[in-house]
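Participant: For reference, the structure I am asking about is given below.
The values are calculated or read from the model by the stated rules, or taken from the named source; none is laboratory data. Because the structure is a prediction, the values reported are computed rather than measured. All Cβ positions, glycine included, derive from the backbone under ideal geometry; neighbour counts span all protein chains shown.
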Amino acid sequence: MYINRRGQVIRVGVGSPQQTQIPPLELPRYGAERLSGIRCLATQLKPEPPSQSALTAMAIQRLDALVTFTLTGEGFERQGGGATGYVKAVYLSHLVPNAEVNWTVSPVLSLETIAQQDFLSLVEGLETQFRQDFGGQQVDTGHDLVLAVGLMTDRVSPQRFQDGLSELSRLVETAGGEVVQTLRQKRSRPHPQTVVGEGKVQEIALMAQTVGATLIVFDRDLSPAQTRNLETQVGIRVVDRTELILDIFAQRAQSRAGKLQVELAQLEYMLPRLTGRGRAMSRLGGGIGTRGPGETKLETERRAIQRRIARLQDEVDHLQAHRSRLRQKRQHEEVPSVAIVGYTNAGKSTLLNALTNAEVYTADQLFATLDPTTRRLIVPNAATQEPLVLLVTDTVGFIHELPASLMDAFRATLEEVTEADALLHVVDLSHPAWQSQIRSVMQILSEMPITPGPALVAFNKIDQVDGETLALARDEFPNAIFISASARLGLETLRQKLAQLVDYAIVKH
């Protein structure tokens with residue numbers, strides 16, 4: 001039985017406190033700085049304190065208190081004006097602010113003692129302390145405190161799973177958040193409704209409260225239904241990996257072209273996630289149940305987004321055509337082109353700056369630059385040693401399982417890769433997962449509609465690696481070149497190799 005602070009019964013359920021709990025989003029008041037204003041009265045037959053699951057349900061709902069009555073099981077026949085003789089024990093449980101354990105459970109109490117308990121004074125004192133703790137957290141952080149959740153399925157190796165979680169933390173950091181805790185679960189396959197199992201959802205909700213998380217981020221893509229189910233049960237905003245990357249892109253886009261491509265990707269992501277029943281809410285069809293006052297608010301929003309997506313796609317097509325004309329002009333002038341590709345944060349922009357004295361923004365962040373930048377580079381002709389002019393383009397960084405919406409939205413940018421005469425594949429050799437990053441980049445290149453030109457692999461940041469890693473890279477990639485863009489090591493050799501690569505690409509073409 002759930003009772004509000006006015007003493008009114010607002011909900012009655014048959015089952016355990018966990019089975020009958022109220023979803024956080026349905027509670028009248030909910031937040032880390034206060035209690036929900038509801039207390040639960042539960043009965044049980046076993047003469048023992050409330051179970052861990054019951055206490056977890058109390059914490060997730062942020063109940064004022066959980067009062068557990070242990071009954072004798074002898075029936076409820078009224079004797080002497082009441083049924084007090086059938087209650088063997090009473091336990092009072094409530095949350096505790098700023099403590100290692102989230103709650104406290106009283107020793108055995110009598111029914112008379114619990115009846116005299118001043119609950120309003122108890123919860124007012126608790127909420128005062130919760131507000132003080134919450135205020136301190138807000139002053140100290142000033143940004144999203146993130147609970148990261150990773151799911152390892154049978155198809156993912158332990159090392160790849162750990163690399164993915166490390167990359168998720170970097171993405172959160174790049175977006176301006178801070179990972180305060182990471183939870184992991186191993187399942188044969190994702191749960192269709194909540195990705196993780198029911199018990200793990202409870203653990204996520206409890207951990208989010210314990211660490212004061214304001215956002216939950218998953219290491220994979222979630223369906224709209226999974227996101228809604230998780231937010232309903234946890235009471236905190238949930239985002240997936242794609243939404244996190246889109247947020248970073250929105251922060252990084254500087255040019256008009258970059259901004260419109262990011263907006264297109266965001267709208268395409270948002271469209272199926274509009275709150276509601278999707279197509280079932282449309283009132284424009286024919287037949288029973290479809291006639292009515294006209295469009296719902298959801299349908300109006302959906303149509304507005306669809307019109308905006310159509311306009312943005314037209315603009316991206318115009319951008320694509322414009323860049324195509326620029327490339328044709330360069331090809332007419334017979335100026336060879338090289339596109340720098342690679343995993344995000346591999347040092348592509350730093351290398352372009354070092355080679356051409358460009359002033360492209362660089363930072364130790366994922367997706368520091370989005371907009372392609374093209375600069376002229378003079379290298380010695382491979383055959384005659386005469387000066388040869390190349391056009392070098394810095395492209396958007398790749399990432400493992402690059403979201404399909406971004407691939408589509410950035411097709412105008414990615415065409416710089418497919419139309420280039422040759423590719424310079426930059427690899428961060430100092431990254432623990434450099435081999436996996438190479439495979440990810442090669443996978444993305446293989447999925448492009450037009451096969452890119454020949455590629456030269458350049459291992460970057462060699463000044464930050466040991467001899468064993470260098471030897472391994474040389475054995476696996478004997479034709480690669482080893483450089484440090486920031487320390488300007490190996491750049492002259494790189495210029496000569498680029499001249500040979502372009503000469504080979506042109507002859508082959």
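Participant: On the given criteria, is Gln306 modelled with pLDDT of 80 or more and surrounded by 14 or more Cβ atoms within 10 Å (Cβ to Cβ)?
Facilitator: Numbers: modelled with pLDDT of 80 or more: yes; surrounded by 14 or more Cβ atoms within 10 Å (Cβ to Cβ): no.
Criteria not met by Gln306.
Participant: So in segment 45-57, with the set limited to residues that are more than 27 Å from the chain's Cα centre (by Cα) and buried (at least 18 other Cβ atoms within 10 Å of the Cβ), which one is farthest from Val238 (Cα to Cα)? Step through it out loud before you land on a result.
Facilitator: First pass over segment 45-57, keeping only residues more than 27 Å from the chain's Cα centre (by Cα): 45-55.
Subsequent filtering for residues that are buried (at least 18 other Cβ atoms within 10 Å of the Cβ) retains 49-50, 54-55.
On the way: Pro49: 33, Pro50: 30, Ala54: 24, Leu55: 24 Å.
Filtering first and then ranking leaves Pro49.
Participant: So which residues in segment 1-34 are β-branched (Val, Ile, Thr) and over 35 Å from the mean Cα position of the chain (by Cα), if there are any at all?
Facilitator: Step one: list which residues in segment 1-34 are β-branched (Val, Ile, Thr), which gives 3, 9-10, 12, 14, 20, 22.
Once the filter is applied, which keeps residues that are β-branched (Val, Ile, Thr) and over 35 Å from the mean Cα position of the chain (by Cα), segment 1-34 yields Ile3, Val9, Ile10, Val12, Val14.
Participant: Mind listing whichever residues of segment 446-471 are under 25 Å from Leu491 (Cβ atoms), out of contact with any Leu (no Cβ under 8 Å at 6 or more places or on another chain) and of a type in the set (A, V, I, L, M, F, W, C)?
Facilitator: Val457, Ala471
Participant: Next question, about the same structure. Run Val90 past the list (1) modelled with pLDDT under 90; (2) buried (at least 16 other Cβ atoms within 10 Å of the Cβ); (3) β-branched (Val, Ile, Thr); (4) over 32 Å from the mean Cα position of the chain (by Cα) and report the number of the one that doesn't hold.
Facilitator: Condition (1) is where Val90 drops out.
Participant: Hey, any hits in segment 426-447 for a residue that's over 24 Å from the mean Cα position of the chain (by Cα), at pLDDT 75 or above, closer than 19 Å to Gln251 by Cβ and not in a loop (DSSP other than H, G, I, E, B)?
Facilitator: No, there is no match, as no residue in segment 426-447 is over 24 Å from the mean Cα position of the chain (by Cα), at pLDDT 75 or above, closer than 19 Å to Gln251 by Cβ and not in a loop (DSSP other than H, G, I, E, B).
Participant: For segment 249-259, give me the residue count where each residue is buried (at least 20 other Cβ atoms within 10 Å of the Cβ) and more than 19 Å from Thr174 (Cα to Cα).
Facilitator: Total meeting the criteria: 1.
Participant: Go through (1) at pLDDT below 90; (2) in contact with a Leu (Cβ under 9 Å, 6 or more places away or on another chain) for Leu147 and report which single condition fails.
Facilitator: Of (1) at pLDDT below 90; (2) in contact with a Leu (Cβ under 9 Å, 6 or more places away or on another chain), only one is false for Leu147: (1).
Participant: Right, here's the next one. When you scan segment 213-225, how many residues do you find that are over 24 Å from Arg170 (Cα atoms) and of a type outside the set (A, V, I, L, M, F, W, C)?
Facilitator: Total satisfying the criteria: 1.
Participant: Against the condition closer than 26 Å to Leu165 by Cα, modelled with pLDDT of 95 or more and either not small (Gly, Ala, Ser) or not assigned by TED's automatic domain parsing to the domain that holds Leu355 (or both), how does Phe410 come out, does it pass? Don't jump to the end; show me each part of the working.
Facilitator: Numbers: closer than 26 Å to Leu165 by Cα: yes; modelled with pLDDT of 95 or more: no; either not small (Gly, Ala, Ser) or not assigned by TED's automatic domain parsing to the domain that holds Leu355 (or both): yes.
So Phe410 does not fit the description; no.
Participant: Still on this structure, please answer the following. For segment 58-69, enumerate the residues that are within 22 Å of Val87 (Cβ to Cβ) and either modelled with pLDDT under 90 or surrounded by fewer than 18 Cβ atoms within 10 Å (Cβ to Cβ) (or both). Before the answer, list the steps.
Facilitator: Within segment 58-69, the subset within 22 Å of Val87 (Cβ to Cβ) is 58, 63-69.
Hit for segment 58-69 is Phe69, nothing else.
Participant: Which of the residues belonging to segment 205-226 are crowded, with 20+ Cβ neighbours inside 10 Å, touching a Lys or Arg at 6+ places or on another chain (Cβ under 8 Å) and either under 19 Å from Arg187 (Cα atoms) or in the same structural domain as Glu26 (by TED's automatic domain parsing) (or both)?
Facilitator: Val217, Phe218, Asp219
Participant: Working only within segment 169-191, note down all residues that are in a loop (DSSP other than H, G, I, E, B) and under 14 Å from the mean Cα position of the chain (by Cα). Spell out how you get there, then give the answer.
Facilitator: Looking only at segment 169-191, we keep the residues that are in a loop (DSSP other than H, G, I, E, B), and these are 176-177, 187-190.
Correct list: Gly176, Gly177.
Yes/no matrix, rows are residues, columns are (1) in the same structural domain as Leu71 (by TED's automatic domain parsing); (2) closer than 16 Å to Gln202 by Cβ; (3) surrounded by 19 or more Cβ atoms within 10 Å (Cβ to Cβ); (4) touching a residue at least 60 places away in the same chain (Cβ under 8 Å):
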{"position": "Gln8", "(1), (2), (3), (4)": "yes, no, no, no"}
{"position": "Gly13", "(1), (2), (3), (4)": "yes, no, no, no"}
{"position": "Ser16", "(1), (2), (3), (4)": "yes, yes, no, no"}
{"position": "Pro23", "(1), (2), (3), (4)": "yes, yes, no, yes"}
{"position": "Arg29", "(1), (2), (3), (4)": "yes, no, no, no"}
{"position": "Ser36", "(1), (2), (3), (4)": "yes, no, yes, no"}
{"position": "Thr43", "(1), (2), (3), (4)": "yes, no, no, no"}
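Participant: Kindly list the number of the only condition in (1) touching a Leu at 6+ places or on another chain (Cβ under 8 Å); (2) outside any helix (DSSP H, G or I) that fails for Thr232.
Facilitator: With respect to (1) touching a Leu at 6+ places or on another chain (Cβ under 8 Å); (2) outside any helix (DSSP H, G or I), Thr232 is out only on (2).
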